[in-house]
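Asks: So that we are looking at the same thing, I have put the structure below in structure tokens.
The values are calculated or read from the model by the stated rules, or taken from the named source; none is laboratory data. This is a predicted model, so every value here is computed, not measured. Neighbour counts run over all protein chains shown; Cβ positions are idealised from the backbone, glycine included.
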Amino acid sequence: MGNQIKTTVLLTLMTVFFMFIGHLLGGRQGLIIAFFFAAGMNLFSYWYSDKIVLRMYNAREATPGQAPELYGLVQDLANRAGLPTPRVYIIPQESPNAFATGRNPENAVVAVTEGLLKIMNRDELAGVLAHELAHVKNRDILIGSIAATMAGAIMMLASIARWSAIFGGGSDDNEGMGGFGLIIMSILAPIAAVLIQTAISRSREYMADSSGARFAQNNEGLARALEKLGAYSGKRPMDANPSTAHMFIVNPLSGQKMMSLFSTHPPLNDRIAKLRGFQAPKDASGHGGGMNLDQGKAFWDRLSR
């Protein structure tokens, strides 16, 4: 419940930013227009976000006849999770990754890249798919879609505000907010929107890891999958749109240093450590550090005795 309250507060803050920029541009009338525009964007996201993102990545549906093993594994995991079997899509990219989308469990989609299918064994693939089904179960995909749409809209309005300030536009009742202040806010608002979007996504990745491991009945499968994904993501960065980065199981933009500063995912080492029951050691900078495979194997050996 605490996580749901936190997400609600963060989405509300994002809406407030959107309306504030509208007020800067058009005063009270601009604020009202921004409010209805935000409501319309959220409604559009609810109905069409899955279709847009699947088309964006040229994903093709995999039927039971075309990919019986993949579809069967998704079906088995969905049954364990108490979910309807989602549609399954394959993305024609070599970079290993996966995401889930759809407005609710009855209309959910799980998509995996060709690269993921090539490098994962069955247990690891089950861990990845179970993680995505956990997002479906926890209703994360709708929240993420709304957050992404709002962030994109804020960036668009901020760009309009910046150009309006440069050419002498803006509201007459903005209580002293001059052109310079309008430019500053047009820069800060999208940064704040990205940070809020990041906070929403990060808070839900740990929960999806935990739920996914339970659905797959195997923590180690997902842990090994995350290790592989971490190793490959830097070598084969995905051709991905930044506005959809939060949807993937690992950050598809990890090969791009500037984008990684605003990563929508918690550190992989921390996620793996939590799955294996260890606290990630701190490195010199105070962040979660790595954990070697011998530690993980020793932990699982003790469990199996």
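Asks: Test Thr264 against the criterion of being at pLDDT 50 or above, of a type in the set (Val, Ile, Thr) and farther than 14 Å from Tyr206 by Cβ, and give yes or no.
Replies: No; evaluated as a whole, the condition is false for this residue.
Asks: While we're here: Quick one: Gly65 ticks every box in (1) buried (at least 16 other Cβ atoms within 10 Å of the Cβ); (2) at pLDDT below 95 except a single one, so which number is it?
Replies: So the condition that Gly65 fails would be (1).
Asks: Suppose the filter is surrounded by 16 or more Cβ atoms within 10 Å (Cβ to Cβ), farther than 15 Å from Glu132 by Cα and modelled with pLDDT of 80 or more; does Ile249 pass it?
Replies: No.
Asks: Using beta carbons and a limit of 7 Å, which pairs, at least six apart or on different chains, have the first residue in the range 11-31 and more than 15 Å from Leu195 (Cβ to Cβ) and the second one among the hydrophobic types (A, V, I, L, M, F, W, C) and modelled with pLDDT of 75 or more?
Replies: Close Cβ pairs satisfying both conditions: Met19/Ala34; Met19/Phe35; Ile21/Ala34; Gly22/Ile33; Gly22/Ala34; Gly26/Ile33; Leu31/Met19.
Asks: How many residues does the range 203-251 contain that are out of contact with any His (no Cβ under 7 Å at 6 or more places or on another chain), farther than 21 Å from Ala81 by Cβ and not in a helix (DSSP H, G or I)?
Replies: Of the residues in that region, 6 qualify.
Asks: Go through (1) surrounded by fewer than 22 Cβ atoms within 10 Å (Cβ to Cβ); (2) at pLDDT below 75 and name the single condition Leu70 misses.
Replies: Tallying (1) surrounded by fewer than 22 Cβ atoms within 10 Å (Cβ to Cβ); (2) at pLDDT below 75, Leu70 fails exactly one: (2).
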